[in-house]
Amino acid sequence: NKQWNIDGDFNTLSKALKVRIDGQQVMSGNLSFLSGNAELKGTYQGKNVSATCTQTTSFLTAGVVPPKTQCMIFVENERATTLQF
């Protein structure tokens, strides 16, 4: 079993997300401007992949520290990794 390389990009202005496995884009979407959440779905090598993404800001550091964006990545409903942007 070969280990997959899972990575992604997040555009802070447009809130656009992209998730790649072994360099191939498998999911894309945008965080909601209201809730800061997104649910993404795709496939890779015949397997279902999904991501649950959230953006959080601490009230204590708002305006000082940029919000934290995390995506939990699942392959066939099993957690594979968490990406942080």
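For the range 7-67, taking Cα atoms only, what is the radius of gyration to one decimal and the Dmax to the nearest whole Å?
13.4, 44
Can you give the FRET efficiency for Gln24 and Thr57, using 1/(1 + (r/R0)^6), R0 = 22 Å, r = Cβ-Cβ distance, to the nearest 0.05? Show your work: numbers first, answer last.
Values: r = 32 Å, r/R0 = 1.44.
That pair, Gln24 with Thr57, gives E of 0.10.
Determine the gain in length on full extension of the stretch Thr82-Ser32; use 0.36 nm per residue of separation and subtract their C-alpha separation, reporting nm with one decimal.
Full extension of this stretch gives 16.1 nm more.
Given a 1.4 Å probe, how much area per residue of the chain is accessible, in Å²? If you can, show how the numbers build up before the last one.
On the way: 5780 Å² over 85 residues.
Normalised by residue count, the accessible surface of the chain is 68 Å².
Carbon and sulfur together cover what percent of the accessible area of the chain at a 1.4 Å probe radius?
So the carbon and sulfur contribution to the accessible surface is 49 percent.
Can you tell me the order of 31-41, 46-56, 10-20 when each peptide is scored by its average per-residue count of other Cβ atoms within 10 angstrom, highest first?
Listed from highest to lowest mean packing, they are 46-56, 10-20, 31-41.
The values are calculated or read from the model by the stated rules, or taken from the named source; none is laboratory data. Everything numeric here is computed off the predicted structure, so don't read it as measured data. Virtual Cβ from ideal backbone geometry, glycine too; neighbours counted across all protein chains shown. The area values use the complete protein model at the heavy-atom level, side chains included, leaving out ligands, DNA and RNA. Shrake-Rupley method; radii C 1.70, N 1.55, O 1.52, S 1.80 Å.
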